[in-house]
1. With every protein chain left in place and a probe of 1.4 Å, what is the accessible surface of Arg104, to the nearest 10 Å²?
2. To the nearest Å, what is the center-to-center distance of the stretch 176-249 and the stretch 1-77, using C-alpha atoms only?
3. State in Å² the accessible area per residue of the chain; use a 1.4 Å probe, count heavy atoms of protein chains only, and round to the nearest integer.
4. Taking all protein chains together and a probe of 1.4 Å, list Trp167, Trp4 from the most accessible to the least accessible.
5. Using the Cα gyration tensor of the stretch 176-254, with a ≥ b ≥ c the square roots of its eigenvalues, what is the shape: rounded (a/c below 1.5), prolate (a/b larger than b/c) or oblate (neither)?
6. Quick one: with all protein chains in place, what share of the accessible area of the chain is carbon or sulfur, to the nearest percent (1.4 Å probe)?
7. What order do you get for 68-77, 87-96 when each peptide is scored by the mean count of other beta carbon atoms within 10 Å, highest first?
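The values are calculated or read from the model by the stated rules, or taken from the named source; none is laboratory data. Bear in mind that the values here come from a model prediction, so they are computed numbers and not experimental data. When we count neighbours, we look across all protein chains shown, and the Cβ atoms used for this are built from the backbone with ideal geometry, even at glycine. Surface areas here come from the heavy atoms of the whole protein model, side chains and all, with no ligands, DNA or RNA. Shrake-Rupley method; radii C 1.70, N 1.55, O 1.52, S 1.80 Å.
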Amino acid sequence: TEHWSTPLLSEILAPPAISSGVVVVRTVDGKLIGLSEESGEEMWSYQREVPVLTLRGTSSPVIADGVVYAGLDGGEVVALALQDGRELWIKRVTSARGRTEIERMVDIDGNPVVSDGIVYVVSYQGDLAALNAEQGDLIWKRKLSGVKAPMIYGSYLFLADAEGNVWAFDRKDGSALWKQDGLSNRALTTPVLSGLNLVVGDAEGYLHWISAEDGHFVARVKVDSAGVSAQPLLESGKIISYGQSGKLSAVTQH
């Protein structure tokens, strides 16, 4: 039974975030909209100008401790109050570089990750950065291009970048611990941690198991010849993967 439906007059390419009775939606025209979870009524709206040329996609907003964090197409991160959409802070992580509009694209299309009072984001043709969640102050950043969300585990940050490299960073200062460059240009997914290994999917339809300790390859299996673009999930010791052809797979590492 449909409880409510609200037209937002612009395309939605990323899942909404929900917390404390508020549904927060990101639209492709640069808006963040807060809707009542109960009625679908619009509670607030926040908008930033979208650059002339952007990647086809947007990140989802992330909610933590009553604050909405969102990565924007202009290379900025914004923090809004969940209940009224009031801007708490906005920080430019990456400045556009280059002469052409293509060279100047710095979209943040990977979801921000919030952990222990720190917001981690990566932008396309830009930077991987850590920001203080309360004020937006920059803690560290390093030049890197990415379109998928980072993954946090303990003191580590794992990331598959736009070129197909898989990285492990020390999340305190952004220093690189290892890099696996054997999957170049294979459009990798956000990694998921399974035991002592990272699992990533790729555009050729493989799942790869990579040691989280030093980055060496452990195993791989082909699950969908049409490719895998959705982040694999770990459930009851199995890796659940959804492929581009619509194939759903459950894989156990032996």
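1. 100
2. For the stretch 176-249 versus the stretch 1-77, the Cα centre distance is 28 Å.
3. 49
4. Values: Trp167 35, Trp4 80 Å².
Largest accessible area first, the list is Trp4, Trp167.
5. Values: a/c = 2.05, a/b = 1.26, b/c = 1.62.
Verdict is oblate for the stretch 176-254.
6. Values: 5880 of 12350 Å².
Exposed carbon and sulfur together represent 48 percent of the surface.
7. Result, highest mean Cβ count within 10 Å first: 68-77, 87-96.
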